[in-house]
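Here's the structure, in structure tokens; my notes come after.
The values are calculated or read from the model by the stated rules, or taken from the named source; none is laboratory data. A quick note: this is a predicted structure, and the numbers were derived from the prediction, not measured. FYI the Cβ positions are ideal-geometry reconstructions off the backbone, even for glycines, and counts take in every protein chain you see. To get the accessible areas, we keep the full protein, side chains included, count just its heavy atoms, and leave off ligands, DNA and RNA. Shrake-Rupley method; radii C 1.70, N 1.55, O 1.52, S 1.80 Å.
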Amino acid sequence: ADAEGYLSFESPGLASFLGILYPDGTYEDRSERCPAYRAICDVALSPCGGLCAAAHGQAYALVWDLGTGRLRALLGRDEAAERPTRIYRVAWSSDGRSVMTRDDQGTITLWDVETRDERLSVATPHDPRPSGGDRPDDMPAALSFAGGIGAIAFTRDSRHLAAGDGEVIRLWSAGTGRQTGTFVGHGAMHPILGPYGGAPRIRHVGFSASGQRALTVGVDSALRAWDVPSGREIWSTVPDPCCIDFGDISPDGRYVVWAGCPGVRVYEVG
């Protein structure tokens with residue numbers, strides 16, 4: 001089923017990045033808004049692999065049944081405001097019962113996938129970025145990655161939530177919403193591209209199976225491993241810088257895998 005059939009009332013969302021950079025350095029913005037739910041900002045598979053949650057920079061995250069191709073759930077608030085909250089990030093709990101979303105106001109919300117009910121809402125310190133020129137108000141920069149919203153993740157036991165806010169990664173209890181820890185360390189400058197205003201500083205957050213170690217990947221192209229209970233950095237490296245870097249930590253917390261333009265590498269954290 002086409003999501004637009006269910007959500008035809010939604011206004012267009014993300015802009016398409018079309019423009020001309022002239023020799024004198026001036027930029028002519030020709031971006032146009034994409035039809036609602038045509039662009040995808042973030043996607044996550046359920047632990048069983050049968051469902052997929054997608055964030056589109058719109059008021060709802062969509063959950064799809066991968067076996068049938070049918071829309072399984074709409075996760076979001078029924079708002080009549082002129083500018084509804086736009087969801088840019090999604091993540092699944094380990095039991096597959098809940099999806100975490102993060103919107104353009106920085107709010108983290110836990111949703112029950114079966115009932116579509118809101119289980120928990122946490123307001124984070126994220127500040128929406130200002131727009132420029134004639135770009136749509138909800139676009140944070142001329143180039144944007146996931147709406148400029150920092151990465152989110154569950155710990156593998158789903159007892160804690162994590163989200164990047166600028167240079168800070170914060171942890172909360174999934175049961176109470178109480179903040180339980182922080183990591184601080186990533187810079188704001190990309191080694192090649194310099195200031196990367198449309199990208200979040202924290203691109204990825206991942207956890208070992210025990211939840212004792214975490215990995216973060218920053219816009220500074222650094223990989224950093226953390227001791228979760230103390231919030232102390234225990235290892236870091238900056239591989240050959242790339243425009244986009246990805247990483248993950250092994251379940252035992254001993255190894256980190258990195259993927260970028262030059263290839264894939266595995267590091268031993270120790």
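Before moving on, here are some points about what is shown:
- Listed by first and then second residue, the pairs with beta-carbon distance under 6 Å, at least 6 apart or on different chains, first residue in the range 29-49 and more than 16 Å from W64 (Cα to Cα), second open to solvent by less than 30 Å² (accessible area, probe 1.4 Å) and at pLDDT 85 or above, are A36/Q58.
- Candidate set from the range 203-221 (those that are modelled with pLDDT of 90 or more and of a type in the set (A, V, I, L, M)); member that is farthest from S236 (Cα to Cα): A209
- Some residue of the range 260-270 being hydrophobic (A, V, I, L, M, F, W, C), open to solvent by 20 Å² or more (accessible area, probe 1.4 Å), farther than 15 Å from V205 by Cα and not in a loop (DSSP other than H, G, I, E, B): yes
- Total residues in the range 160-186 satisfying the condition of being touching a strand residue (DSSP E or B) at 6+ places or on another chain (Cβ under 7 Å) and more than 19 Å from V90 (Cβ to Cβ): the figure is 12.
- Residue selected from the range 146-167 under the condition among the hydrophobic types (A, V, I, L, M, F, W, C) and at pLDDT below 90, by the criterion nearest to Y37 (Cα to Cα): A146
- So R170, is it closer than 22 Å to R86 by Cβ and open to solvent by 50 Å² or more (accessible area, probe 1.4 Å): no
- G181 at pLDDT below 95, touching a Lys or Arg at 6+ places or on another chain (Cβ under 9 Å) and part of a strand (DSSP E or B): yes
- Where C41 falls short, out of the listed (1) loosely packed, with under 12 Cβ neighbours inside 10 Å; (2) touching a helix residue (DSSP H, G or I) at 6+ places or on another chain (Cβ under 9 Å): (1)
- Condition check for A91: within 19 Å of A39 (Cα to Cα), open to solvent by less than 60 Å² (accessible area, probe 1.4 Å), in contact with a Lys or Arg (Cβ under 9 Å, 6 or more places away or on another chain) and at pLDDT below 75: no
- Counting only strands (runs of 3 or more DSSP E) that sit wholly inside the range 25-126, those with at least 3 residues that are of a type outside the set (F, W, Y) are 42-45, 51-55, 61-65, 71-75, 87-92, 98-103, 107-112, 118-123.
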